[in-house]
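Input: a single structure, listed below in structure tokens.
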Amino acid sequence: MTTDSTPHAPIASIEQRLDAIQTVLQGQGMQPAEFIETFDELAHEHWVPANGAGLVARAWTDPAFKQLLLSNGMAAIRDAGLTMPPHHRHFVVLENTDDIHNVICCTLCSCTAFTIIGLPPDWYKDLAYRSRVVREARTVLRDMGLDLPAQTQIRVWDTTADTRYMVMPQRPAGTNGLSVDQLAALVSKDALIGVARI
């Protein structure tokens, strides 16, 4: 058995690698610092779960908008003044009912309709969630605190290259007097993914 006795250069630190990448990008006329700042602002100020929650609350109170949201999600978000990246060609909204509960995942990576429901949570990106939810959805949901009745059918929707999903949870009982804003405040990111009722 032979061993490699050739001396190896030390591995650069993360900071050194980032500096090297930034230098190359700047050399190509790009402005990575400005891009990162803009992206950070978009991610924390504009691409938030409140967008999806607002769509849900409006659908709960406006039957015509609900029909549009369920039949043509892209038209509905345009009507609401929201946008998605060009490669998100389809936006499908999945309505939970007494008999059907929907949950979304991305088995390949961590794709979501991030401009509508926010950036994916860490657990959504985890291989354990991505691989298990398609095989044992009921168990995964139970592990996450959502114990559904045995008669409830669970449908798992796997994001594709051009299709993004959002779950529309059922409107909670006793909320008839609430405004759209008050209703939207009830809807969590987890509910928009389908791992919580609301």
Legend entry - Leading residue by the ranking (farthest from Ser188 (Cα to Cα)) among those in the range 157-168 that are part of a strand (DSSP E or B) and touching a His at 6+ places or on another chain (Cβ under 7 Å): Thr163
Legend entry - Check on Phe65, among the aromatic types (Phe, Trp, Tyr), outside any loop (DSSP other than H, G, I, E, B) and farther than 20 Å from Gln182 by Cα: no
Inset, instruction - Kindly indicate whether any position in the range 182-191 is part of a loop (DSSP other than H, G, I, E, B), at pLDDT 95 or above and either of a type in the set (Lys, Arg) or over 29 Å from Arg89 (Cβ atoms) (or both). - result: yes
Inset, instruction - Answer yes or no: is there a residue in the range 78-94 that is in a helix (DSSP H, G or I) and modelled with pLDDT of 95 or more. - result: yes
Inset, instruction - Quick one: Ile154 ticks every box in (1) part of a helix (DSSP H, G or I); (2) over 21 Å from Leu55 (Cα atoms) except a single one, so which number is it? - result: (1)
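The values are calculated or read from the model by the stated rules, or taken from the named source; none is laboratory data. Only a predicted model underlies this, so the values are computations on that prediction, with no experimental measurement involved. Counting neighbours? That spans all protein chains shown, and the Cβs are built from the backbone with ideal geometry, glycine included.
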